[in-house]
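Asker: Take this structure first; my questions come after.
The values are calculated or read from the model by the stated rules, or taken from the named source; none is laboratory data. Note that the structure is predicted; figures quoted are calculated from it, not measured. So basically every Cβ, Gly included, is an ideal-geometry build from the backbone, and we count neighbours across all protein chains shown. Only protein heavy atoms, including side chains, enter the accessible area calculation; ligands, DNA and RNA are left aside. Shrake-Rupley method; radii C 1.70, N 1.55, O 1.52, S 1.80 Å.
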Amino acid sequence: MQPFGLYIHVPFCNGKCPYCDFFSLRGSEAAMDEYTDCVLEKIRSSAQKTGRKADTLYFGGGTPSLLGGKRIARLTEAARRSFGLENAEITVEANPGGDLSGFFREAAAAGVNRVSLGLQSSDEDELHLLGRRHTADDAARAVEDARNAGLTNISLDLMLAVQGQTQESLARSAAFCANLGAKHVSAYLLKVEPHTAYWKERETLRLPGEDETAGLYLAACRELENLGYRQYEISNFARPGFESRHNMKYWHGEEYLGLGPSAHSFFGGKRFHYERSLAGFLRGDGPEQDGSGGDFDEFAMLRLRLTEGLTDKACLARFGYPVPERVKKAARLYEAGGLTVCGEDGFHFTPKGFLVSDMLTGEILFAK
Ligand code: SF4
């Protein structure tokens, strides 16, 4: 059986960014201890139930660096004892600001070998309008601290279509990532989600319009490619060989187990998730069931997020049949418009296609 990916959601942040809809809250030392003990218990009980091996571990959040190196080490050690983690990619997310040097040293000693940092922009005005609590210099220092601790596999997050952003400022942020030696860049389009502070202010925000947003996304793809980052997913770019192994499991339709409030899983053919409640998680509330997963439509939707796209080879390996001819035929209809690239073996979306991927995926997969 293929090893699965283990995700641990760390639900603590120093404050709430106005656009963020991830589950996070301010955490005391006592709450972090209690949370850590609870996740340790879940790791043990999951290992007993499944008897399976994992080969990626991802600490996401929230701000996992707030947990501190010692708690991250306890969790990593427990995951190793329970799930093997042989030759594993072990990622920890962190947010710049404050002195992270000790944290990175302890995390590296515990086996963490990849860092994902929430840079978002190198432009101070954009950072301010995003409500971020760090500067570009803080981010540069965090990268240096990670590297000094031996953590050289560094990913930086950028946010696209933020207030005041231009293609020029975006190009500077992309170059900033390259100059810092990032091996991977995630560039997400800002989306104003319900229940966020941005949502309440949405009438007064000066966000780029639809055309401008499309221009910014295409500019990000272009700039990052020019800087040597190969796009491999709608929002993810990497130096060759530095694609996120953990996140690839999501898009390849492979199994992952999520622990922590709001964490989602696809395991044993089932999808399930923990509620967005720390109290519920600590109380021992089990995950909510979301039904079965992994059918052809779901598999195709996930694969079409990737630049490798939907191929006969992948479908044959998974389902024993190639990409259905009606799907290939529908994908060809969008080739002349520059939205898809089709070959004998399958097809994939272009950056222009990614911009309308929800619509495009539906039109192609559910074509008669
Ligand atoms: S630091 Fe990240 S997880 Fe925390 S509130 Fe800001 S965007 Fe959300």
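Asker: May I ask which residue of ALA214, ALA110, VAL192 lies farthest towards the positive end of the charge dipole of the chain, with charges of +1 (Lys, Arg) and -1 (Asp, Glu) on Cβ and the Cα centre as origin?
Answerer: With unit charges placed on the Cβ atoms, the residue in question is ALA110.
Asker: Something else now. Within the range 12-44, which residues have the backbone N less than 15 Å from the label spot 7 Å out from LYS200 along Cα→beta-carbon, could you tell me?
Answerer: 16-21
Asker: Hey, what does the equivalent ellipsoid look like for the range 296-365, semi-axes from the Cα gyration tensor as sqrt of 5 times each eigenvalue, largest first, whole Å?
Answerer: Working: eigenvalues 65, 29, 21 Å².
Largest first, the range 296-365 gives 18, 12, 10 Å.
Asker: In addition: Placing +1 at every Lys and Arg Cβ and -1 at every Asp and Glu Cβ, with all other atoms neutral, what dipole size does the range 130-235 have around its Cα centre, in debye to the nearest 20? Please report the intermediate quantities before stating the final value.
Answerer: Details: 12 positive and 15 negative charges, 45 e Å.
The dipole magnitude comes to about 220 debye.
Asker: Please report, as a whole percent, how much of the solvent-accessible surface of the chain comes from carbon and sulfur atoms (probe radius 1.4 Å). Mind dumping the intermediate values first?
Answerer: Values: 8350 of 16450 Å².
Of the solvent-accessible surface of the chain, carbon and sulfur hold 51 percent.
Asker: Here's a follow-up. Check the straight Cα-Cα distances from LYS329 and name the lysines below 16 Å, setting aside those fewer than 8 residues away within the same chain.
Answerer: Result set, ordered by chain and number: LYS368.
Asker: On to the next question. Give me the dipole magnitude in Debye, nearest 20, for the chain about the Cα centre, with unit charges on the beta carbon: positive for Lys and Arg, negative for Asp and Glu.
Answerer: On the way: 43 positive and 50 negative charges, 186 e Å.
Roughly 900 debye, rounded to the nearest 20.
Asker: May I ask you to derive the relative contact order of the chain, considering only C-alpha pairs under 8 Å and at least 6 residues apart, and to give it as an integer percent?
Answerer: On the way: 682 pairs, mean separation 52.0, N = 368.
It rounds to 14 percent for the chain.
Asker: What does the C-alpha gyration tensor say about the overall shape of the range 170-259? Classify as rounded when a/c is under 1.5, otherwise prolate if a/b is larger than b/c, or oblate.
Answerer: Working: a/c = 2.27, a/b = 1.23, b/c = 1.85.
Judged from the Cα gyration tensor, the range 170-259 comes out oblate (a/c at least 1.5, b/c at or above a/b).
Asker: Then there's this: Return a whole-number percent for the relative contact order of the range 296-365, with Cα pairs under 8 Å and 6 or more residues apart as the contact set.
Answerer: With pairs under 8 Å counted, the relative contact order is 32 percent.
Asker: Which one of GLY309, TYR256, SER292 is farthest out on the positive end of the charge dipole of the range 231-335, using unit charges on Cβ (Lys, Arg +1; Asp, Glu -1) and the Cα centre as origin?
Answerer: Value computed over the given set: GLY309.
Asker: What accessible area per residue comes out for the chain, rounded to a whole number of Å², with a 1.4 Å probe? Please list the in-between numbers first.
Answerer: Values: 16450 Å² over 368 residues.
About 45 Å² of surface per residue is accessible.
Asker: To the nearest 20 Debye, how big is the dipole of the range 296-365 about its Cα centre, given +1 on the beta carbon of each Lys and Arg and -1 on that of each Asp and Glu?
Answerer: Working: 9 positive and 10 negative charges, 7 e Å.
The dipole magnitude comes to about 40 debye.
Asker: Turning to a different aspect of this structure: Would you calculate, for the chain, the mean residue ellipticity at 222 nm contributed by helices, counting each DSSP H stretch of 4 or more residues as -39,500 (n - 2.57) and dividing by all residues, to the nearest 500? Each step should come with its number before you reach the end.
Answerer: Working: 15 runs with 150 residues, N = 368.
Helix contribution divided over all residues of the chain: -12000 deg cm²/dmol.
Asker: Sticking with this one: Would you compute, for the Cα atoms of the range 30-74, the largest minus smallest coordinate along each principal axis and list the three values in descending order, in whole Å?
Answerer: Taking the Cα atoms of the range 30-74, the three principal extents are 30, 21, 17 Å.
Asker: May I pose another question? Label the range 326-368 by shape, choosing from rounded, prolate and oblate, from the square roots a ≥ b ≥ c of the eigenvalues of the Cα gyration tensor; if a/c is under 1.5 it is rounded, and otherwise prolate applies when a/b is larger than b/c, oblate when it is not.
Answerer: Values: a/c = 1.81, a/b = 1.11, b/c = 1.63.
Oblate shape, in that a/c is at least 1.5 and b/c is the bigger or equal ratio.
Asker: Assign one of three labels to the chain, namely rounded, prolate or oblate, based on the Cα gyration tensor with a ≥ b ≥ c the square roots of its eigenvalues; rounded applies when a/c is under 1.5, prolate when it is not and a/b is larger than b/c, and oblate otherwise.
Answerer: Oblate, because a/c is 1.5 or more while a/b does not exceed b/c.
Asker: While we're looking at this one, here's another question. Can you pull the three principal axis extents for the Cα set of the range 223-368, in Å, largest first?
Answerer: Result for the range 223-368: principal-axis Cα extents of 55, 40, 26 Å.
Asker: Further question on the same structure: Which entries in the list LYS49/LYS270; LYS16/LYS183; LYS249/LYS313 go over 22 Å, if you measure between the two C-alpha atoms of each? Let's see the in-between values first.
Answerer: Working: LYS49/LYS270 15 Å; LYS16/LYS183 28 Å; LYS249/LYS313 17 Å.
Those over the limit are LYS16/LYS183.
Asker: May I ask for the percentage of alpha-carbon pairs in the range 78-194 that lie more than 19 Å from each other? Can you show the working numbers first?
Answerer: Details: 3225 of 6786 pairs.
Tail fraction, whole percent: 48.
Asker: Under 4.7 Å Cβ to Cβ, no partner at all: give me those cysteines from the chain, in residue order.
Answerer: Within the chain, the cysteines lacking a partner Cβ under 4.7 Å are CYS13, CYS38, CYS177, CYS221, CYS315, CYS342.
Asker: While we're looking at this one, here's another question. Just grab the label-to-label distance for ASP137 and ARG81, each label 7 Å out from Cα along the Cβ direction, in nm (one decimal).
Answerer: Once both label points are built, they end up 4.4 nm from each other.
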